[in-house]
Amino acid sequence: MQQQKRNTWQREAVRAALAEARGFVSAQQLHQTLRDGESTIGLATVYRALASLADSGEADSLQSREGENLFRSCVTPGHHHHLVCRNCGDTRELSATVVEEWTQRVGAEHGFTEIEHVVDLFGLCERCRAA
């Protein structure tokens with residue numbers, strides 16, 4: 001049974017700042033935003049709060065090409081994928097039935113069950129391409 005996380009002022013501050021952020025942000029970026037707003041929250045606390053929000057499904061998490069974990073406030077409940085602009089960070093949440101069917105089929109072909117996967121697509125959005 002999953003333990004209920006306490007809603008501390010720090011967790012609420014991270015949740016609110018993440019909701020205001022445009023696209024995916026790093027823990028360092030979010031920490032700086034909070035500090036610019038006069039918060040005394042520590043970076044380690046921001047990391048813990050973001051991890052907790054991602055675990056509970058309140059935040060999406062993905063890894064940048066540089067290997068850094070990035071987060072954003074989750075709009076769509078449940079499993080989904082992302083289409084992310086490499087330039088401006090604009091993000092679209094996608095359901096991808098074809099991907100889901102393919103992962104289950106490939107797993108079954110190799111005798112695997114309980115398949116989990118992460119599929120995030122990166123490209124240039126129309127606005128950035130036009131600029």
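The values are calculated or read from the model by the stated rules, or taken from the named source; none is laboratory data. Everything quoted here is computed from the prediction, not taken from an experiment. Reconstructed Cβ throughout: ideal geometry from the backbone, glycine too, with neighbour counts over all protein chains shown.
Summary of computed values
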item: Single condition residue 47 does not satisfy, out of (1) farther than 23 Å from residue 18 by Cβ; (2) at pLDDT 85 or above; result: (1)
item: Complete set of residues in the stretch 14-31 that are of a type outside the set (A, V, I, L, M) and under 17 Å from residue 92 (Cβ atoms); result: 22, 23, 24
item: Among (1) over 27 Å from residue 117 (Cβ atoms); (2) surrounded by 12 or more Cβ atoms within 10 Å (Cβ to Cβ), the one test that residue 40 misses; result: (2)
item: Qualifying positions in the stretch 107-131 - part of a loop (DSSP other than H, G, I, E, B), within 24 Å of residue 18 (Cβ to Cβ) and of a type in the set (D, E, K, R); result: 116
item: Search result, residues across the stretch 9-61 that are of a type in the set (Val, Ile, Thr) and either assigned by TED's automatic domain parsing to the domain that holds residue 118 or free of Cβ contacts under 8 Å to residues at least 24 places away in the same chain (or both); result: 33, 40
item: Exclusive hit being in contact with a Ser or Thr (Cβ under 6 Å, 6 or more places away or on another chain), under 30 Å from residue 8 (Cβ atoms) and not polar (S, T, N, Q), set 68, 58, 38; result: 68
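Condition check ((1) in contact with a Leu (Cβ under 7 Å, 6 or more places away or on another chain); (2) assigned to a loop (DSSP other than H, G, I, E, B); (3) without any contact (Cβ under 8 Å) to a residue 60 or more places away in the chain) across all residues:
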position	(1), (2), (3)
65	no, yes, yes
77	no, yes, yes
83	yes, no, yes
105	no, no, yes
